[in-house]
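Taking it in order: structure first as structure tokens, then the write-up.
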Amino acid sequence: MDAIVEARNQEEHRNFVSNLVDAKHEIEAFVAGRLGWPRAGRYGGFRKGSFNVGFVIENVDSGCKALIRFPVPGRTYMPWRAEKVTNEAMVLDYLREHTTIPVPRVLSWGLEEESPRRLGPFLILEYVHGTCLDDLLKQPTKDQHEPSILDPSIDEAKLDGVYDQIASYIVQLSRLEFPRIGAIGEGGVVLKRPLTYDMNDLVTTTGYPADRLLSEPVESVESYFHSVSKMLWTNLETQRNAVSSERDARRRFTARRCFPQLIPKYSIANDGPFVLFVDDFRPANMLADPETLKMTAVLDFEFTNAMPAQFAWDVPGWLLLQAPAAWLERDERDKFLELFVPRMEQFLRAVERAETESPAVEGQRLSARMRESWDTGRFWFNSAIRSSLDIDTIYWSVFHDREVGIDKGCLEGIDEFADAKMKQLDAYVEEEKKKMDCQDESGKID
């Protein structure tokens, strides 16, 4: 993370939330007007997620509720907010029509010019009751800020019930096919570039130059992977505090220069079809009945696109709730495998049950594809190429020694690069110190 960029993000965030709160009564009337209620709605609570904030608004006559949601500046790149909201509205409508996944119904949506006080593009969704599934599955902790990890003593039958529901959703998603990689529009037509979780993370947390990202749909898997590899390199090259030391600079240079050589080996279904892939599909974005664990809603589809099918053919990385790369970062790969593999086998059995209960389709079964991805290491390749923040850890933990055929010619220029990055880091540290001194004096980042 670039601390200077993050300080600006926090300022944007605070200003937006202040404006949102000031507009509460206008929003109550706005939601009622958009939904055709006879009277202004009543404020029913504040809701905050990773990328969005909003209000629950209640119809004072019927008692029904709606959630109006705005993308948060600082967590969503400002120029992309309209693109993000439009993409999510299209995906939610498409999923309601083509799957049984319990997604909230879109009641209304619009762009900044239509919103109260021009707060920004918005979604008005039906309000759904439920408890965050992540909270229902995780091991109890003394501190709510501790990372979530699957409760090792969880009731196996209950977990099977959860896995059965999610496996059914994943099987359905894996069968939604498209001819290109990109965001889907009305009727499921792909006309725009993919807008991914990773792209937004790079721009908002590292200061990545947004004009150097994808701008059009992509026609093949390898073309997409090579464009992402260029993005990974650009991030390392342009982010001034991307490295912490000369050794770190060399390790990251090696990972990002050598990783593209893995593309031919780990790419499959190069020309499609491509499938709908939800970038943030995990228990933290699911609601369930706390007693029965029956799913009531799956949320947050803003970074969902038609993507390489091999992403959808992976065993979910969230089975332990913590991301696999977090275990590698702590040098706990063996512990991860010890805990993950039994849950993977349990989830694969759920996928097999879901396949048996759904209409038969031609080709290899999803459960077999998931197992193949794990056995061949494609799971780790896919995890790396989807996350700029994890690429280096995964490369060194999984691929560097395993892929003996990597051409070390890719390391040409590593000395000059390391020297340049250390000078860049020194300049960044000096600027950060000046900014922090300025903040101490004024209480605000310029």
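The values are calculated or read from the model by the stated rules, or taken from the named source; none is laboratory data. Being a predicted model, the structure only gives us computed values, none of them experimental. Don't worry about glycine lacking a Cβ; one is built from the backbone with ideal geometry, like all the others, and counts go over all protein chains shown.
Quick look at the numbers
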| read-out | value |
| --- | --- |
| Residue list for the stretch 155-175, restricted to those being touching a strand residue (DSSP E or B) at 6+ places or on another chain (Cβ under 8 Å) and acidic (Asp, Glu) | none |
| All positions within the stretch 265-281 that are surrounded by 19 or more Cβ atoms within 10 Å (Cβ to Cβ) and under 19 Å from Lys84 (Cβ atoms) | Leu276, Phe277, Val278, Asp279, Phe281 |
| Those residues of the stretch 202-225 which are in a loop (DSSP other than H, G, I, E, B), of a type in the set (Ser, Thr, Tyr) and closer than 18 Å to Ile268 by Cβ, in sequence order | Ser220 |
| One residue from Ala242, Ala269 being farther than 30 Å from Leu92 by Cβ and in a loop (DSSP other than H, G, I, E, B) | Ala242 |
| Hits in the stretch 113-124 - residues which are farther than 13 Å from Ala32 by Cα and part of a strand (DSSP E or B) | Phe122, Leu123 |
| Selection count, the stretch 128-152, where residues are touching a residue at least 12 places away in the same chain (Cβ under 8 Å) and in a loop (DSSP other than H, G, I, E, B) | 9 |
| Which numbered condition Ile268 misses (of (1) under 22 Å from the mean Cα position of the chain (by Cα); (2) more than 30 Å from Gly130 (Cα to Cα); (3) among the β-branched types (Val, Ile, Thr)) | (1) |
| Extreme residue, surrounded by the most Cβ atoms within 10 Å (Cβ to Cβ), among residues of the stretch 41-67 that are closer than 23 Å to Asp279 by Cβ and among the aliphatic types (A, V, I, L, M) | Leu67 |
| Leading residue by the ranking (nearest to Ile149 (Cα to Cα)) among those in the stretch 328-357 that are of a type in the set (A, V, I, L, M) and touching a residue at least 12 places away in the same chain (Cβ under 8 Å) | Leu339 |
| Qualifying positions in the stretch 176-201 - surrounded by 17 or more Cβ atoms within 10 Å (Cβ to Cβ) and assigned to a helix (DSSP H, G or I) | Gly188, Tyr197, Asp198, Met199, Asn200, Asp201 |
| Criterion violated by Lys48 - all others in (1) closer than 30 Å to Asn200 by Cα; (2) at pLDDT 95 or above satisfied | (2) |
| Hits in the stretch 13-40 (condition: of a type in the set (Asp, Glu) and buried (at least 16 other Cβ atoms within 10 Å of the Cβ)) | Glu28 |
| Which numbered condition Leu262 fails, given (1) part of a loop (DSSP other than H, G, I, E, B); (2) surrounded by 17 or more Cβ atoms within 10 Å (Cβ to Cβ) | (1) |
| Residue in the stretch 282-296 that is surrounded by the fewest Cβ atoms within 10 Å (Cβ to Cβ), counting only those that are among the hydrophobic types (A, V, I, L, M, F, W, C) and over 17 Å from Pro316 (Cα atoms) | Leu293 |
| Scan of the stretch 391-438 for residues that are free of Cβ contacts under 8 Å to residues at least 40 places away in the same chain, within 30 Å of Val5 (Cα to Cα) and hydrophobic (A, V, I, L, M, F, W, C), ordered by number | Ala420, Met436, Cys438 |
| The stretch 1-59: number of residues that are within 30 Å of Asn235 (Cβ to Cβ) and among the β-branched types (Val, Ile, Thr) | 4 |
| Enumeration of residues in the stretch 22-40 that are assigned to a helix (DSSP H, G or I) and either at pLDDT below 95 or small (Gly, Ala, Ser) (or both) | Ala29, Ala32, Gly33 |
| Residues within the stretch 187-200 that are out of contact with any strand residue (DSSP E or B) (no Cβ under 7 Å at 6 or more places or on another chain) and at pLDDT 95 or above, tallied | 4 |
| Residues satisfying the stated conditions in the stretch 194-231, i.e. more than 25 Å from Ile4 (Cβ to Cβ) and of a type in the set (Val, Ile, Thr) | Val218, Val221, Val228 |
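Results for (1) within 28 Å of Glu177 (Cα to Cα); (2) touching a His at 6+ places or on another chain (Cβ under 9 Å), shown as yes or no for each residue.
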| site | (1), (2) |
| --- | --- |
| Thr234 | no, no |
| Thr238 | no, no |
| Ser245 | no, no |
| Cys258 | no, yes |
| Tyr266 | yes, no |
| Val275 | yes, no |
| Pro283 | yes, no |
| Pro290 | no, no |
| Thr304 | yes, no |
